[in-house]
Each structure stands twice: as C-alpha cells, then as structure tokens.
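Have a look at the structure below before the remarks.
The values are calculated or read from the model by the stated rules, or taken from the named source; none is laboratory data. Model, not experiment: these values are computed from the prediction. Note that each Cβ is placed from the backbone with ideal geometry, even for glycine, and that neighbours are counted across all protein chains shown. The area values use the complete protein model at the heavy-atom level, side chains included, leaving out ligands, DNA and RNA. Shrake-Rupley method; radii C 1.70, N 1.55, O 1.52, S 1.80 Å.
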Amino acid sequence: MNSRLAPYLTALAVMAALALVPPLIKFIAPDKWELTAHIGIKILLNVGFGLCLWMMLQAGELSLGQGGFITIGAYTTGILVAKYNLISVVWLGYLAGALAAAVIALMLGYLIVHLKRIFFLLVTWSFAEMLHPVLTSFEHPFGGAMGIIDIPAPEGLTLFSESWTGYYYLALIYGFAVLWIVWRIAGSKVGLITKSIGQNDTLVTFCGLYVRKYKVMIFVLGCFITGIGGGILASYLTAISPETFTFFTSLDIIMFNLIGGMGTMAGPIVGAVILSGLNEYLFAAGYWRMVVYGLIIIFFITLLPGGMVSLPAALRKRFTRKTKKQEVGLG
Amino acid sequence: MFMQMAVTGLVLGSIYMLVASGLTLIYGIMHQVNMAHGVFFMLGAMATYYATEVIGLPYFVALFAVVLVFPIIGAAFERGIFRNIRHIWLAGYMATVGVWMLMEGLGWQVFGTEQKAVSFPITGLIRLPGGAVLPANKLWVGLIAIAIMAGVYYLVGRTALGRQLRAVEQNPRAAELMGINADRAMAKGFALGVTLAALAGGLVSTLYSVDPSCGSTPMLKAFIIIILGGLGNVTGSVIAAYILGFIDSFGGSLLGYQAGHFMGFGLVILILIFKPSGIMGDE
Amino acid sequence: MADRSILRVENVSKNFGGLVALSEVSFHIEKGDFFGLIGPNGAGKSVMVNVISGLYSPNKGRVEFDGRQITGLRPDRIIREGLSRTFQHSTLFFDLSVRENIMMGVRAMADMGLAEAILGSSSARSKDKAIEDRSQEVIDLLGLEQQAEEVAANLPYGLQKIVAIGIAIAPKPKLLILDEPLTGLVAAEVDQVMGHIASLNQQGMTIFIIEHNMRAVMNFCSRIVVLSFGNKIAEGAPGEIQRNREVIKSYLGE
Ligand SMILES: Nc1ncnc2c1ncn2[C@@H]1O[C@H](COP(=O)(O)OP(=O)(O)OP(=O)(O)O)[C@@H](O)[C@H]1O
Ligand SMILES: [Mg+2]
C-alpha cells in the first residue's frame, strides 16, 4: 500500500512546494515575481507538451507537428471565445480547442499511423506546415495574418490580482494533470501495449491486438491534451497569429525529450525545465540563440544520447571504466 | 503571358532540381533527410557574393571555386558529425537540424542581416519565340543548372565514383564485400549533394537577393520535391522539380504564395500516405 | 460434414512477383492433432503460416478455421478467433521482462480501455488481475519462475524460444502454430521444448509445427504434410512420409 502511494505523495509534495513559490518570491523579492511566473508558466505547459510526445514516442510515433496541435487548440479557443463570442465560458473554449485537436488528430492519425520513423515525422511536420497558409489566407474565421486578439482569461482567474499568478497556478495544475495521466497510462496494461508497439508492432498484432487502434488512441489523446495547452496559451498570450507557434515550437517539444532523455518519464520533464528556462534567457540573445540551440542539439546527440537523465550513469561509467561509447536512448 | 510563366517555371524547376537532387542523393546513400541542406545553399550564395562582389573575382571563377571548396566542407561535416550517428535515424535527423541552426545562426553573425545581391556577367533581355521577354541572367541560370545536372548524371552514371555511390545506395553491406569503403562513399555522396545545393545558391544569388535564411525556402521546396519524386530517386526528383517549378510559376502567379505552400505540403502528405515510393515509384 | 477439422487450407496459392511461393496447396488439420509441415529451405512453409495467420493474403484459395472462413480477416482478428503462432526468427519484446512479454499474449489485454486504465476503476483492476493470474500460470507451466522478472534480451536463446511459445499459448488458443521452434537449440533444450509442446497437445491443444529436426517431427507428429517449391508433394503418417520417394528426392535435392 505504501509503495503504491509513494509516487502520489512525492508528486503532491512537489506540487505543494511549487504552489508555495509565488507567495515566497513575492515576500523575498517582489519585483522578481513577474518574470519568474512567466518562466514557470512556460516550463509547466512545456512539461505537459513534452510528456504527451513522450507517450506517443513509446508507441514509436515521433511527431514533428505538435506545434500544429497547439495552434489548433489555441485558434479554436480564440475563434470561439474572442473573435465570434460563440462560447461565453472560456473553460469550454479550452475544451472545444482540445476536441478540435483530437478530431483532427483522429482523422490524420487514422491515415498515417502505419508510417514509421522518419516518414511519420515528415508527414506530421508537413501537416503542421499546412496550417500556416490556411490561417494567413482566411480573414474569416482565422483573422488572417493578424490572427486573433483580445482572448480573455478563463473565469475565476480574475481572482488573482496579477494575471500571471493565476496563469502560474493554472499551468501548475495543467502540468501535473498531464503528468498524472501519462504516468497512469505508462503504468497500466495500455502502457505496456504501447511500449510493446514501439518495440515490435508485428508481434503485438499477433498477440491479437489491433495496433492501429492503440496508436491512434495514443496520438489522439496526446493531441487532445496538447490542444488544451494551446487554449491556455491563447488566453495567456491574449493574442495569437499564424507566427505564434511555428516549426520551432514542434522542434522544441522533441528537444525536451532529446535533452532530458527518452528512456523514462523524467526525461521530457527535465528537458522541458532546462530548455524552457534557457529559451527565456536566449530570447534576448538574438541570432546567438540559433547558435546555442544548434550546439545543444549536436552536443546531446553526439555526446549524451541518453539525455540528461543518463548523465549520472554516463559519468559513473566514464570514471570507473574507460569504456568508449554507451548505447542508450534514441532507439 | 503564358510563355512568360512557362519559361519562369522551367528556370525555377531547374534550380529546384539542383537543390532537390542533392537532397535525394544524400537520402538515397545515407538514409538521412538533410535538414542542413538549405544552409549549404546559403553558404554557396554567400561564398559567391564574397568572391565576386568583395574580392572581385569573375562570376564563373567564383562558381568554380564553389565546386572546389564545398566538397571539402561537406565531407568534413559528414566525417565530423554525421558518420558516427547515422545508424540511429532520429539522431541523424536531429544532427542535421542542429547543423542547420548552428550554421544559420553563425551566418547572421558573420554575414550580417542586410540583403546581398550578385550581378550576373550577362545582362540584357532576351526575346523568346511566342512573345516572352526574359532577363538574360534568368535564362542563363536555368541553362547552367541544366548543364550541371547533366554533369551529375554523367558522374553518377558513368564514372567509378558513380558506381561506388550506386552500389552503396543499393546495399552498403554488399558494397563493402565488393571492396568499396561505404563510409568513404557516403562522405563523397554527402559532399556531392551539398555541393549541388551550394551551386544552386551561387546561381540564385544573381536572381534574388540573399541573406542567411535564404536557404530555408529552397530547402522546403526540395523536401516536397524529393517526396514527390520518391525518396532517393534522382530522376523522380528531376521530374517533380519541374512540376513544382510550374506549380510555383503558374499557381504562384494565379493563386499566391500561400496556396502553393499549402498545395505542396498537402501533396507530400497524400504521397506519403498513399504512395510512399513517389510519383515514379513502382507498386 | 459435422467436421472434426479445426483448420482447412483449400487451394491456396501465393506469388511474389514472378516467384510462386505456394501453388494450390490444400490440407486440413483435425482437432487435437499433432500436425507437422516439413520441406526443404524455401519450400514455402513460413509463407503458408503467414497466409493462414493473415499476414499475407493469398492470391487464390481460402482458409477455414474452426468452421469459419478467415481469409481476408485482419491478423489480430484471426488470432482472437483462437489461433496463435510463433515466428521462425526469435521474436520477442526484447526490452520487456519475461512476465510482461507473456502478459502481452493474454487475451484480456485486448479488453483494457484507455479511460479505465487511467482511472484505475474496479473493472480495470479485475482485468489486471486476470491478466496477471494468467501470465503467472503460463510462467509456472513453462518453468520460467526464475527468469520471470528478467529482461528478455538477456535470456539465453533457448529460453527466448520458450518465452515466445509462452506468448503464443497465453490466450489459450485452440490451434498453436510453431514455425521452427527448435532451430538453434542444443539437444537438452530440444527435449525440453518438445516436452512442453507435447504436454500442451495432451491437454487438448492442436499443434501445427514446422521443423527441420526430423527426429522430433517423426517422433511426435501424427500427420505430416511435405512442401517442396510451393507444392504439396506428400501427406500422411510419419512412417509413410519416411518411405515416400518424392520426399526423399526433394530432400536430397536431386
Ligand atoms: N515477403 C516476401 N517477398 C518475396 N518473397 C518472399 C517473401 N516471403 C517469402 N518469400 C519467398 O518465398 C519462398 C518461400 O519462403 P519461405 O520462407 O516460406 O520458406 P520456408 O519453407 O519457410 O523455408 P525455411 O525452411 O528456410 O524457413 C522463398 O523463395 C522466399 O524467398
Ligand atoms: Mg521458414
């Protein structure tokens, strides 16, 4: 019983600690809170996005189109609650955004889950690329190149005197909810099936399981959750345009897994924390940002393919035995 | 008007053909989608600019210098980064993304943000039968691209290097058994592919002004083309390049850039789903 | 005919381009049989299993399993009808433990829904329990207790083959098709594996085995079909097969 509760208690403790961050910082250094909150919000949402991709990765699907599903969630929310005021409750707007992402993921996923590796990656990337011209070309309903403005905050968030404090808590709940869902799945029999599909889908078929169903299911769920995140981002940013979420958004989500490591769930979390934090600082660095980015990718791929979570083991190995290369991660 | 667009389509197609055939060659030999391809296009354009406008070399000498230098640059990248990881597909893909970011970022630092243009030695207008009037440089660029492509066909089809490349493409293991060093052949293939991109950059720099991100669009186009043509299929790419050239020329003039982008990627998805071997592939 | 046959293969042909891998092959297997399919390398034995199990669709002919036509069904549907198969080349989930490998075969896996998995409802818990109980049964049956938590990749080859059989029998199939379960095993392992298979057969499971190990085939099988270059060249009891001139010729490659 104890061991079953342990992960929950740990997660709750971490969540409580993170919930105490705002009052603490506001007490110690009030002028630092706004910036910290913005970084925290990015990190927590990105943890959610990274975990969704990790879950898909287990089934052998590497999507370079997650930025597209964030866009779909964000735009659906924006269109419904801001541009046309069709939905008056912002929370329902998020739900609609998630459903839109899920429905599109269902249609796309059904057609593409038989594609493997680079082909899956290319087709999801192409899908995300197709959104941009659609959004820019149509004033109705997408708002053309200007996009959508004045997206309201969800009801209840106005209780906080500073909006970023509210969004911080919202993102905290989002991040941990995704963590909970992905963790529950990973530990379940469905998670076992997913992992098996990533290893040998033919054998899964001959275990009497319909591989396509599971792959589509995981893809749709991942995009549904990502779509909610998109909705939250839409209100948080208050304005979105076709340029808000790009190829680099999708690439970042892969990077979280690459930097953190794909072997365990800790990987994308660690990766999201490091890269979202770094992104904030690099933002001001202009074109050096690309240089640093490139160097990070090359570093992790060539020197630490198992990601940050494999660092302790890699160091231990390096200092105990002078072995050459280690073969972890990146399947 | 129709002739005008047709000839523009041909010129565009010829340039796309250079970029795409390099990209598909690299995929065929190394099974790697080279996301850094656009960077080499950009470097080729920049090299041409500095050689002609800054150092003052004649244009064709500059192009020749590109042919001499870029194989070395390409081989160095292959040896330094890609060779060790190419057996892991994702690592291979991401490494090329890393090189792209790194080199484009450095490009902005080194070359600056202002647009650069190279002047072509042959100027004036050429009147074509059918009433089309075209700047001479555009026409010449198209012709040079076709000539280079003919050279590639000769190289791959008729020379010892080409035999090595084709052997490795079909089966690296078997090629090794035949005494071909697959690693070295892959380095040569990569060098060749990258040089084609750089040459395309050198040619385009006389038509449009260039900056450190100028490789992105040609790279995207080339990517669409190689999927349409069937990954690794050079002739498929040549045909697809002209198809896309015409789509861009006619479609672009009639429907706008956005529609072309949408249609290109839409086509990619359809091809990947329903006919992954491309328009030329069997089965 | 109120039929005792569990599998009927009728006029099955399969071509790959110009290559005729199977040509008008027909045979049937009775319930409870220990059936053997033999033939020289490249005869089309594995292709036959792939056609039966739905991985390939035949160019001609039909397959009936337990009174129902299964040609054209999706492979996973065919498996759920009560037919299991193993692969010639050791095929496992190499990064999973032996226990997880065997769980994957358990029938109840297919019933687990996403929502109940996330929420951990009581229905999910009872399915979990059914899956765990059944996999434990199979582990006990095959004597894999010692290695149950071991990662499959680290097992010796012989045990990997046994785990593969474990995955296949976990759903309690009516028909078990084994594609060369003995290849690469040492004598002691051969006896062990054949022992397991024989006892499954005694408990009523129909066995369809493809093997090059003639001693095992002749000792255990009650009926044998011989394929050569995609054609059925003989059928009968072990004794008849051993005396059949066609068979001897095809094996000696004359
Ligand atoms: N997917 C495929 N595509 C093309 N040819 C195939 C395919 N599968 C099998 N073949 C060919 O069909 C023929 C029969 O192959 P099969 O694997 O059934 O032989 P086998 O009887 O199982 O031999 P072995 O005892 O060596 O396993 C062979 O010539 C093989 O090359
Ligand atoms: Mg076989």
Considering only region C:33-43, how many residues are open to solvent by 10 Å² or more (accessible area, probe 1.4 Å) and either closer than 26 Å to C:GLY17 by Cβ or within 16 Å of ligand 2 (Cβ to nearest atom) (or both)?
3
Kindly check whether there is at least one residue in region A:161-174 that is open to solvent by less than 10 Å² (accessible area, probe 1.4 Å), outside any helix (DSSP H, G or I) and more than 14 Å from chain B (Cβ to nearest Cβ).
no
Would you confirm whether any residue within region C:197-204 is more than 25 Å from C:VAL247 (Cβ to Cβ) and over 16 Å from the mean Cα position of the chain (by Cα)?
yes
Go through region C:137-168 and give me each residue that's more than 16 Å from ligand 1 (Cβ to nearest atom), within 12 Å of chain A (Cβ to nearest Cβ) and either free of Cβ contacts under 8 Å to residues at least 24 places away in the same chain or closer than 30 Å to C:SER5 by Cβ (or both).
C:GLY166, C:ILE167, C:ALA168
Taking region C:185-222 and keeping residues more than 21 Å from C:LYS31 (Cα to Cα) and either within 14 Å of chain A (Cβ to nearest Cβ) or within 13 Å of ligand 2 (Cβ to nearest atom) (or both) leaves C:HIS212
Within region A:91-100, can one find any residue that is in contact with an Asp or Glu (Cβ under 8 Å, 6 or more places away or on another chain) and open to solvent by 10 Å² or more (accessible area, probe 1.4 Å)?
yes
Any residue at all in region A:137-146 that's open to solvent by less than 10 Å² (accessible area, probe 1.4 Å) and out of contact with any Phe, Trp or Tyr (no Cβ under 8 Å at 6 or more places or on another chain)?
yes
I'd like to know if region C:123-136 contains one or more residues that are more than 14 Å from chain A (Cβ to nearest Cβ) and within 16 Å of ligand 1 (Cβ to nearest atom).
no
Scope region A:308-318; condition surrounded by 17 or more Cβ atoms within 10 Å (Cβ to Cβ) and either more than 23 Å from the chain's Cα centre (by Cα) or within 12 Å of chain B (Cβ to nearest Cβ) (or both); matching residues
A:ALA314
Determine whether C:PRO40 is within 16 Å of ligand 1 (Cβ to nearest atom), modelled with pLDDT of 90 or more and in contact with a Gly (Cβ under 8 Å, 6 or more places away or on another chain).
no
Could you list, in sequence order, all residues of region A:217-240 that are touching a Pro at 6+ places or on another chain (Cβ under 9 Å) and open to solvent by 30 Å² or more (accessible area, probe 1.4 Å)?
A:THR238
C:VAL225 is checked against (1) within 16 Å of ligand 2 (Cβ to nearest atom); (2) out of contact with any helix residue (DSSP H, G or I) (no Cβ under 8 Å at 6 or more places or on another chain); (3) without any contact (Cβ under 8 Å) to a residue 40 or more places away in the chain and fails just one. What number does that condition carry?
(3)
Note on region B:148-172: residues without any contact (Cβ under 8 Å) to a residue 12 or more places away in the chain and in contact with a Leu (Cβ under 8 Å, 6 or more places away or on another chain) are B:GLY162
Among the residues of region C:85-115, write down those that are open to solvent by 10 Å² or more (accessible area, probe 1.4 Å), more than 16 Å from ligand 1 (Cβ to nearest atom) and not hydrophobic (A, V, I, L, M, F, W, C).
C:ASP95, C:SER97, C:ARG99, C:GLU100, C:ARG107, C:ASP111, C:GLY113
Could you please tell me which pairs satisfy a Cβ distance under 9 Å, a separation of 6+ or placement on different chains, a first residue in region C:36-55 that is within 12 Å of chain A (Cβ to nearest Cβ) and of a type in the set (A, V, I, L, M, F, W, C), and a second residue that is open to solvent by 10 Å² or more (accessible area, probe 1.4 Å) and within 6 Å of ligand 1 (Cβ to nearest atom)?
C:VAL49/C:GLN88
Quick one: which helices (runs of 4 or more DSSP H) sit completely within region B:175-271 and have at least 3 residues that are of a type in the set (A, V, I, L, M) and more than 14 Å from chain A (Cβ to nearest Cβ)?
B:182-204, B:234-246
I'm checking my understanding of the structure. Among residues of region C:46-67 that are open to solvent by less than 10 Å² (accessible area, probe 1.4 Å) and part of a helix (DSSP H, G or I), which one is farthest from ligand 1 (Cβ to nearest atom)?
C:ILE52
B:THR52: passes all of (1) over 20 Å from the mean Cα position of the chain (by Cα); (2) polar (S, T, N, Q); (3) within 14 Å of chain A (Cβ to nearest Cβ) but (3)
Note on B:ALA145: of the conditions (1) part of a loop (DSSP other than H, G, I, E, B); (2) in contact with a Leu (Cβ under 6 Å, 6 or more places away or on another chain), unmet is (1)
Taking the condition of being open to solvent by 20 Å² or more (accessible area, probe 1.4 Å), aliphatic (A, V, I, L, M) and within 16 Å of ligand 1 (Cβ to nearest atom), how many residues in region C:173-228 meet it?
2
For region A:201-216, give me each residue that is crowded, with 23+ Cβ neighbours inside 10 Å and more than 9 Å from chain C (Cβ to nearest Cβ).
A:LYS215
Given (1) in a helix (DSSP H, G or I); (2) closer than 21 Å to A:SER163 by Cβ, number of the condition A:ASN85 does not satisfy
(1)
